[in-house]
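Quick one: structure below, then a few questions.
The values are calculated or read from the model by the stated rules, or taken from the named source; none is laboratory data. These numbers were taken from a predicted model, which means no experiment stands behind them. Cβ: placed from backbone, ideal geometry, glycine included. Neighbour counts: every protein chain shown. The protein model used for the area step is the full one, side chains on, heavy atoms only, and it has no ligands, DNA or RNA in it. Shrake-Rupley method; radii C 1.70, N 1.55, O 1.52, S 1.80 Å.
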Amino acid sequence: MLGVWLLLWGSTALGGRADTAFLRRAHDSSGRCTYSFTVASPVEAACPEAAGGVPELRAELAALAARLSRLESRERGAGGSGPRGAEPGDAREPQQASRLEAAYGELLRAKCAAEGAGTGLLPRHRHFGGQQRGTEPPEGSGGRQAVRGQAEPAHAVPGPAAAPRWEPQPLSYQELQSERSEVPVSRLLEETALGRPGKEDSAGCGQLLWVGEPVVFGRADSIAGKYGVWMKDPEPVPPFTRDNTWRVDTVGTEVRQLFQYEEAEQLARGYPAKVHILPRPLESTGAVIYRGGLFFQPRQSRSVARYDLRGESITAEREIPGAGYHGQYPYSWGGYTDIDLAVDETGLWVIYSTDKARGAIVLSKLDPETLEILRTWETNIRKRGVANSFLICGTLYTVSSYSAPNATINFAYDTATGISRALSIPFENRFRYLSMLDYNPAERQLFAWDSFNMVTYPVRLSRP
């Protein structure tokens, strides 16, 4: 009873309403018979042809059901098991039945694919090759499956858990077509701007072009982790590797604990391999890990210190002349972020301001062993006017807001030319309180702390 099943499935696939899903049959440009469904959509305006086409579709489905019933009756009378047992003399019926069986198979596959997306008929988020938006497809993959429609459901913010199901509403109608097409991975990345930089821009430096959506790696489980910093060493020294991950929860007056994890996945589970107790408490979220050392600002000082991860002791400390500290020139979110350390492809930096600069951002390049200031730049970007900053390839980039969900990378200052310029690169504050943002040149990603959540952002740079 294939025709009856089609009628039942078409009327119950979206909650049992008889007017929420319809089958349409038509010839394509090559003359082949194609089938498509019309389903309810929360965003599409009503299709003009939908209202007039419904009676014809119902009549066509009823005719199909009657024809299949006759074929099945003939087959049972001949001792068969399906519509292939048509009586002699009806040469067209077996061929039509075969086409209907093929159509049934296509419809069933479309239904299974839609149900497999976990959201009924339309997925809540785009997926390419099994990866979520904001991540690159598996290496070596050669294609993707795409479900294409005229519109998609409104994007919802995903968290670390699975996204909730999309509940359709019978507002209007939308046509879906399901097809499989082979798309080269290089073209997929180019068209969708997903993934990390490809081979063409991984060998050298370039300008920041794009920042992807945040990917959550872990979440702090206590109030001490509302603000914090998490890091990887882009140039580790033995016995440490690039997989080692480090974390500091910075809420409190005596912040001394540095948590060490063997890998980021261990951080996500919340079980550190070791806890370092710093000889001096650190201040705020400006610390970085680089070449086997933790570089941080000791509490209530304008100094920068280096804590050796192997020897577990402070091996260097130097005052930054004139630097504001403990709330004099923080970022716009506060948090005593007067002195911020950063690492890029060119080395170690400190970001701060002074009375002489009248609150504008000042950059200094540091020697990572002695903390000697090698060179200093004074920008025209007010430090209190931006939410955070980071460096890529010797260029300082700033973020417009720490709480606006749709913020931007709004300024860039190039230390090679001494010129600043305005930007408008979209940047998402998913959890609405960005307290730390640093660039990792080895992974070509931004590491951030956003209201208890440790996240990364993929980036794309221009070709050098």
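Report, to the nearest whole %, how much of the accessible area of segment 202-461 belongs to carbon and sulfur atoms, 1.4 Å probe, protein only. The partial results should precede the final answer.
Working: 4700 of 9940 Å².
The computed percentage sits at 47.
Still on this model: Under a Cβ-Cβ cut-off of 10 Å, what is the net charge of the residues other than Thr245 that fall near it, where Lys and Arg count +1 and Asp and Glu count -1?
Details: positive: Lys232, Arg242, Arg247; negative: Asp233, Asp243, Glu262, Glu263, Glu265.
Neighbour charge sum, excluding Thr245 itself: -2.
Could you please report the charge total around Ile320, scoring K, R as +1 and D, E as -1 over all other residues with beta-carbon less than 14 angstrom from its beta-carbon? Numbers along the way, then the final one.
Details: positive: Arg302, Arg306, Arg318, Lys356, Lys365, Arg375, Lys383; negative: Glu283, Glu317, Glu319, Asp338, Asp340, Asp355, Asp367, Glu372, Glu378.
Every neighbour counted, the sum reads -2.
Report relative contact order for segment 360-416 in percent, whole number only (criteria: Cα-Cα under 8 Å, sequence separation at least 6). Can you show the working numbers first?
Numbers: 93 pairs, mean separation 14.0, N = 57.
Over segment 360-416, the number comes to 24 percent.
What's the magnitude of the charge dipole for segment 202-461 around its Cα centre, counting Lys and Arg as +1 and Asp and Glu as -1 at the beta-carbon? Answer in Debye, nearest 20. List each step's numbers first, then the result.
Details: 27 positive and 29 negative charges, 114 e Å.
I would put it at about 540 debye.
With charges set only on the Cβ (+1 for Lys and Arg, -1 for Asp and Glu), what does the dipole of segment 268-395 come to about its Cα centre, in debye to the nearest 20?
Values: 16 positive and 14 negative charges, 58 e Å.
For this selection, approximately 280 debye.
Binning every alpha carbon pair distance of segment 285-362 at 5 Å from zero, what are the percents per bin?
Answer for segment 285-362: a P(r) of 3, 16, 27, 24, 17, 9, 3, 1 percent.
Normalising by the residue count of segment 212-361, find the relative contact order in percent from Cα pairs under 8 Å and 6+ residues apart. Let's see the in-between values first.
On the way: 320 pairs, mean separation 22.6, N = 150.
Contact order relative to length: 15 percent.
Turning to a different aspect of this structure: Relative contact order for segment 225-293: what percent, with Cα pairs under 8 Å and sequence separation of 6 or more? Write out the running numbers ahead of the final one.
On the way: 128 pairs, mean separation 24.7, N = 69.
Relative contact order for segment 225-293 comes out at 36 percent.
If you don't mind, there's one more thing I want to ask. For segment 244-392, with every protein chain kept in place, what is the accessible area per residue (1.4 Å probe, Å²)? Let's see the in-between values first.
Working: 5810 Å² over 149 residues.
On a per-residue basis, 39 Å².
With N residues in segment 202-461, what two-decimal value do you get for its Cα radius of gyration over 2.2 N^0.38 Å? Walk me through the numbers before you get to the answer.
Values: Rg = 16.5 Å, N = 260, 2.2 N^0.38 = 18.2 Å.
Here the Cα radius of gyration is 0.91 times the empirical estimate.
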